[in-house]
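Worksheet: one structure, shown below.
What follows draws every value from the coordinates through simple rules; no lab data is involved. Everything numeric here is computed off the predicted structure, so don't read it as measured data. Cβ sites come from the backbone with ideal geometry, for glycine too, and all protein chains shown count toward neighbours.
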Amino acid sequence: MTFSTLPVPPRPRTGIAFRQLNNGLWRITRSSGTVLGYVEDSSSTDRLPRFSAKRLSSTGRSFLPLGDFRTFDDAVDCLRFG
């Protein structure tokens, strides 16, 4: 299994961890292990970067989209501060 890499590494943040789950999907957690949400590389064929921030619904059966962002860091900040 191969994983895609970001064009630049994510900016380190105190108390936040990134774990790549598959090609284009990362789990974002606090250092306590609490899951903040997920960031998915949803770049389109126009080659512009786009990252979707989403949270798991309370039922745990679907994702709730929070927004699309041009950078991975912006998507993480949406989860972190949202």
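Just so you know, the Rg over Rh for region 16-81 is 0.96, from Cα atoms, with Rh as the Kirkwood radius.
Per-residue packing, averaged as other Cβ atoms within 10 Å, sorts the ranges 53-60, 69-76 into the order 69-76, 53-60, beginning with the highest.
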